[in-house]
1. Considering only the stretch 1-33, how many residues are open to solvent by 60 Å² or more (accessible area, probe 1.4 Å) and of a type in the set (A, V, I, L, M)?
2. So which residues in the stretch 87-139 are modelled with pLDDT of 90 or more, among the polar types (S, T, N, Q) and closer than 18 Å to ASP183 by Cβ?
3. Count, please, the residues in the stretch 80-106 that happen to be surrounded by fewer than 19 Cβ atoms within 10 Å (Cβ to Cβ) and touching a Gly at 6+ places or on another chain (Cβ under 9 Å).
4. Quick check on my filter: what residues within the stretch 18-29 are in a helix (DSSP H, G or I) and of a type in the set (A, V, I, L, M)?
5. I'd like to check something: does the stretch 10-17 contain any residue that is outside any loop (DSSP other than H, G, I, E, B) and either in contact with a Pro (Cβ under 9 Å, 6 or more places away or on another chain) or in contact (Cβ under 8 Å) with a residue 24 or more places away in the chain (or both)?
6. With the checklist (1) more than 27 Å from ASN127 (Cα to Cα); (2) in contact with a Leu (Cβ under 6 Å, 6 or more places away or on another chain) in hand, flag the one item TYR52 doesn't pass.
7. Out of the residues in the stretch 173-192 that are among the hydroxyl-bearing types (Ser, Thr, Tyr) and open to solvent by 40 Å² or more (accessible area, probe 1.4 Å), which is farthest from LYS63 (Cα to Cα)?
8. Among (1) over 19 Å from LEU128 (Cβ atoms); (2) modelled with pLDDT under 90; (3) β-branched (Val, Ile, Thr), which single condition is VAL62 missing?
Amino acid sequence: VYVRKKGLFKYKGKKLELIKGTEIFKSTKQTIYGVSKFKNGLLLVTRKSGLYYLENKTLKKVKLNSDLIDKTTIYRSIKIKKKGFALATYNGLFVLDNNLKVTGHFNKDNGLVNSNVRSLFVDRDENLWIGLNDGISKLKQMNGITFFDRKYANINSIVNNVEVHNNTLYLSSSTGLKKLKTDENSLNQEFISVAENKI
């Protein structure tokens, strides 16, 4: 249980005990919005300063492969049994694998109605239901299908064919051959021209 301006507590012997290592949350304005078991300790998700890992009374800031999470407000977190974790933020939905690597970022540019994610729910088939400011979206965990907006993904033409080669998605279009590129930090994905001058 997180108690504001006091720290994280556990219920033991019919009373609440402060968990050692979380005293930092007494003196800061930071709030814990999620607690999950992780490896041999706990994963703490804070509202505005990212994720922390608590093990053996030692609290460490989790360094992620995307700095977007540290720059947004986290509203909720949820554990996805086989897939890792999902974070609901004001900047969309972030998906982390079991090693806390950010593997997906979904917002209004790539499939959600808007980027303000308010709640999360995982059903028995491991589908993720995403409560938004003005509706609900469903992310099917098993199918691997992603929505690429024509404008934001830089397609901007009619797609004639799609092919996967060497783990890269290629498309042929009325404006030439393009391949999918992922920005390592922002996780934004867009199609870039291939051999633009030769085809």
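1. 3
2. Those that are modelled with pLDDT of 90 or more, among the polar types (S, T, N, Q) and closer than 18 Å to ASP183 by Cβ: THR89, ASN91, SER115.
3. Count: 6.
4. Passing the criteria: only ILE24.
5. No - not one qualifying residue is present in the stretch 10-17.
6. So TYR52 meets the others, but not (1).
7. Result: SER174.
8. (2)
The values are calculated or read from the model by the stated rules, or taken from the named source; none is laboratory data. From a predicted model like this one, the values you see are computed outputs, not experimental measurements. For neighbour counting, all protein chains shown are included, and Cβ atoms are generated from backbone atoms with ideal geometry for every residue, glycine included. For accessibility, only protein heavy atoms count, side chains too; no ligands or nucleic acids. Shrake-Rupley method; radii C 1.70, N 1.55, O 1.52, S 1.80 Å.
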